[in-house]
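Shown next, in structure tokens, is the structure this report addresses.
The values are calculated or read from the model by the stated rules, or taken from the named source; none is laboratory data. Just so you know, these numbers come straight off a predicted model, no measurement behind them. Note that we place each Cβ from the backbone using ideal geometry, even for glycine, and neighbour counts take in every protein chain shown.
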Amino acid sequence: DAKTTQPNSMESNEEEPVHLPCNHSTISGTDYIHWYRQLPSQGPEYVIHGLTSNVNNRMASLAIAEDRKSSTLILHRATLRDAAVYYCILRRGGSNYKLTFGKGTLLTVNP
Amino acid sequence: GAVVSQHPSRVICKSGTSVKIECRSLDFQATTMFWYRQFPKQSLMLMATSNEGSKATYEQGVEKDKFLINHASLTLSTLTVTSAHPEDSSFYICSARGALDSPLHFGNGTRLTVT
């Protein structure tokens, strides 16, 4: 499976945008880029996913580099409830959806 | 949105006993469910893939006779930790997907403590 690399931790202030980077230089053409987040003592929560084009939903935006070797999850206005571990995961299209979690990025949001 | 319910949320059991954890997809049919385990300050580790009506596929190093998985219907999968020991104490999380390319939805996890 292609690997992803994320910073161990990031800090943000409340109501400011947050850009969470993810490198995936060995991504293949059929790999989807998925983002999940995990709040303390909870199961992960789906955030967003994309293949080639940038994606927006009510939670976040996903910006995908033209060469697809990196992507950025954008939280437009961080809130205290966004404090979580964010995981960037590659999933091969058409596969059985087995997701391999890395260490993720621990996002701290300061009031 | 799609919801996965996991029960119980917490369980304490004595060493040597068995514990069953249920995972239900509430508003969609889940042909595939996944079971993960997470130790403190670590990431999720996939234990097994559960397909409705067939045997589960276990990841390398996971004992299938110790972690029994049953996926008898399209909305229910169960994980039974047999003869639990203190080292089995962990956070167990299930997940499920509906349509082929729909996102994976996770339960809220079960905190197992074996005394």
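Each residue in segment A:1-17 was checked for being surrounded by fewer than 16 Cβ atoms within 10 Å (Cβ to Cβ) and either at pLDDT below 95 or part of a strand (DSSP E or B) (or both), and 7 pass.
Of note, residue A:78 satisfies the criterion of being in contact with a Ser or Thr (Cβ under 8 Å, 6 or more places away or on another chain), at pLDDT 95 or above and not in a strand (DSSP E or B). If the condition is being within 13 Å of another protein chain (Cβ to nearest Cβ), more than 18 Å from residue A:49 (Cβ to Cβ) and β-branched (Val, Ile, Thr), then segment A:78-111 contributes no residue at all.
Screening the candidates B:95, B:83, B:77, B:102 for the property of being in a loop (DSSP other than H, G, I, E, B) and either within 13 Å of chain A (Cβ to nearest Cβ) or buried (at least 18 other Cβ atoms within 10 Å of the Cβ) (or both) yields one hit, B:102.
Every residue, every condition in (1) surrounded by 13 or more Cβ atoms within 10 Å (Cβ to Cβ); (2) farther than 29 Å from residue A:4 by Cα; (3) within 13 Å of chain A (Cβ to nearest Cβ); (4) within 13 Å of the chain's Cα centre (by Cα), yes or no:
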| position | (1), (2), (3), (4) |
| --- | --- |
| B:32 | yes, no, yes, yes |
| B:48 | yes, no, yes, yes |
| B:52 | yes, yes, yes, no |
| B:56 | yes, no, yes, yes |
| B:60 | no, no, yes, no |
| B:89 | yes, no, no, no |
| B:109 | yes, no, yes, yes |
| B:113 | yes, yes, no, no |
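In segment A:65-77 there is no residue that is within 11 Å of chain B (Cβ to nearest Cβ) and surrounded by fewer than 20 Cβ atoms within 10 Å (Cβ to Cβ).
Look at segment A:25-37: where a residue is crowded, with 20+ Cβ neighbours inside 10 Å and a partner is of a type in the set (Val, Ile, Thr), sitting 6+ places away or on another chain with Cβ atoms under 7 Å, you get A:33/A:64; A:34/A:89; A:35/A:47; A:35/A:48; A:36/A:47; A:36/A:89; A:37/A:47; A:37/A:85. Checking each residue in segment A:43-59 for being within 14 Å of chain B (Cβ to nearest Cβ), more than 20 Å from residue A:103 (Cβ to Cβ) and not in a strand (DSSP E or B) picks out A:51, A:57, A:58, A:59. Here A:20, A:90, A:107 are screened, and the one residue that is assigned to a strand (DSSP E or B), in contact (Cβ under 8 Å) with a residue 60 or more places away in the chain and in contact with a helix residue (DSSP H, G or I) (Cβ under 9 Å, 6 or more places away or on another chain) is A:107. On the given criteria, is residue A:40 surrounded by fewer than 17 Cβ atoms within 10 Å (Cβ to Cβ) and either more than 13 Å from chain B (Cβ to nearest Cβ) or free of Cβ contacts under 8 Å to residues at least 60 places away in the same chain (or both)? Criteria met by residue A:40. Residues in segment B:1-30 that are surrounded by fewer than 16 Cβ atoms within 10 Å (Cβ to Cβ) and of a type in the set (Val, Ile, Thr): B:3, B:12, B:17. Inclusion of residue A:51 among residues that are among the hydrophobic types (A, V, I, L, M, F, W, C), within 24 Å of residue A:14 (Cα to Cα) and free of Cβ contacts under 8 Å to residues at least 60 places away in the same chain is not warranted.
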